[in-house]
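Notes follow the structure.
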Amino acid sequence: MTAKCAVITGITGQDGAYLAQLLLDQGYRVVGVVRRSSHYGVATHRLDWLGIADKVELVDGDLLDLGGLCRILREYRPVEVYNLAAQSFVKTSWAQPTLTAQATGIGVVNVLEAVRLECPEARFYQASSSEMYGLIQEAEQSETTPFYPRSPYAVAKLMGHWMTVNYRESFGLFACSGILFNHESPLRGLEFVTRKVTDAAARIKLGKASELAMGNIDAKRDWGHAKDYVRAMWMMLQHDKADDYVVATGRTVTVRDMIKVAFDHVGLNPEEHVRIDPQFFRPAEVDVLLGDPSKAKAALGWEPQITMEDMIREMVDADLARHA
Ligand code: GDP
């Protein structure tokens, strides 16, 4: 029997790598769509880190090239398509709003169109984001909480979310939108706050740095582990009905407290090293996010297993090993 195939856009990112690992473990043939760059080739370091770079198939493609996406789906005939590719860093979205709108917003339309045209029976997952809640309209955000995006990134993600809902309602696609709250891991990019902090804690501990310049450390986030969150993506597509789900831990913590967990782990006092630098503040901030994952728990049986503290310590240990 030939293995069922899953296509992942954004396979070289944090979630793409963990999801690829999960799908390989489930016996899928995993095809990743990658955007080549003349400077760097394909950035497979995350797939290498998980030891799966030679187990996935990478094909050239771009979210802005509908014809190319159609050809990929026609060739591989996937049963599941996971759209994880995006310009995903909030701060960059003010510097590159048009690019962000194209990749993070229009890109979703292209993938949905390609699925509708080439493999309408395939199940589709869209990586939506808690940033869509922005200026929060309810203390705990659920699937029914109104959105109020606060960055070009969040506006673009909202387009992707509603397009996913619309293609489900218009064309009957099995299309799910996972509204994932912040999720991190040793594979998180250095531009995101958790990894910036764990990397700095490791470098300061090893005597390779002395300070950490931060933005708004009073912001609060509901942080989970990417490994738990990609399991939720897959579970959504195994359910008998396509739907939208919040994926979160239900607990929110300040950046300040997250820093303390990282520094405590290496026996350092953050007050001796952290400096506040205005360049890391955003033009419009999302002050607090707190997700209510009860729908995912009730319908999918999904629950996070890794605490924020264990995750941050794992990340610090990985950064210590990288820098040692
Ligand atoms: P986001 O929630 O998708 O924007 O994820 P980030 O990890 O980039 O940022 C999380 C929160 O940390 C935001 O409220 C940021 O304003 C805050 N923050 C404070 N200092 C920093 C910093 O130096 N870098 C980043 N990336 N975020 C910071």
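The values are calculated or read from the model by the stated rules, or taken from the named source; none is laboratory data. All values reported here derive from a predicted model rather than from experimental measurement. As a convention, Cβ positions derive from the backbone with ideal geometry for all residues, glycine included, and neighbour counts pool all protein chains shown. For accessibility, only protein heavy atoms count, side chains too; no ligands or nucleic acids. Shrake-Rupley method; radii C 1.70, N 1.55, O 1.52, S 1.80 Å.
Miscellaneous remarks
- Put simply, segment 72-156 fits an ellipsoid with semi-axes of 27, 17, 9 Å; these come from the alpha carbon gyration tensor as the roots of five times its eigenvalues, largest first.
- Against the chain, whose longest principal axis comes from its Cα atoms, helix 107-118 is set at around 30 degrees.
- Long-range Cα-Cα pairs in the chain (distance over 31 Å), rounded percent: 29
- For the set T2, T12, solvent exposure ranked by accessible area (probe 1.4 Å, protein chains only) runs largest to smallest as T2, T12.
- Pairwise FRET efficiency - L190 versus T98, Cβ, R0 = 25 Å, nearest 0.05: 0.50
- Folded to 0 to 90 degrees: helix 66-76 orientation relative to the chain principal axis, Cα: 70
- Relative contact order of the chain, taken over Cα pairs closer than 8 Å and 6 or more residues apart, is 17 percent.
- Computed on the Cα atoms alone, the convex hull of segment 205-324 gives a volume of 124 cubic angstrom per residue.
- Taking amide H as placed 1.01 Å from N in the peptide plane, L212 has its amide H under 5 Å from the amide H of V274, R275, each at least 5 places away in sequence or on another chain.
- The convex hull of the Cα atoms of segment 42-201, projected and averaged over all directions, covers 10.7 nm².
- Degrees, to the nearest 10: 308-323 long Cα axis against longest axis of the chain: 80
- Net +/- balance of residues flanking G67 in space, Cβ distance below 14 Å, scoring K and R +1, D and E -1: -4
- Remark: relative contact order (segment 80-219) = 25 percent; criterion is Cα-Cα distance under 8 angstrom and separation of 6 or more residues.
- 4 °C / 1.567 mPa s Stokes-Einstein diffusion coefficient of segment 109-241, Kirkwood radius on C-alpha pairs, µm²/s: 76
- Kirkwood Rh in Å, taken over all unlike Cα pairs in segment 276-324: 14.7
- The chain: antiparallel DSSP beta bridges as a percent of all, rounded to 5: 10
- Per-peptide packing, taken as the mean over residues of other Cβ atoms within 10 Å, places 117-123, 101-107, 135-141 in the sequence 101-107, 117-123, 135-141 from highest down.
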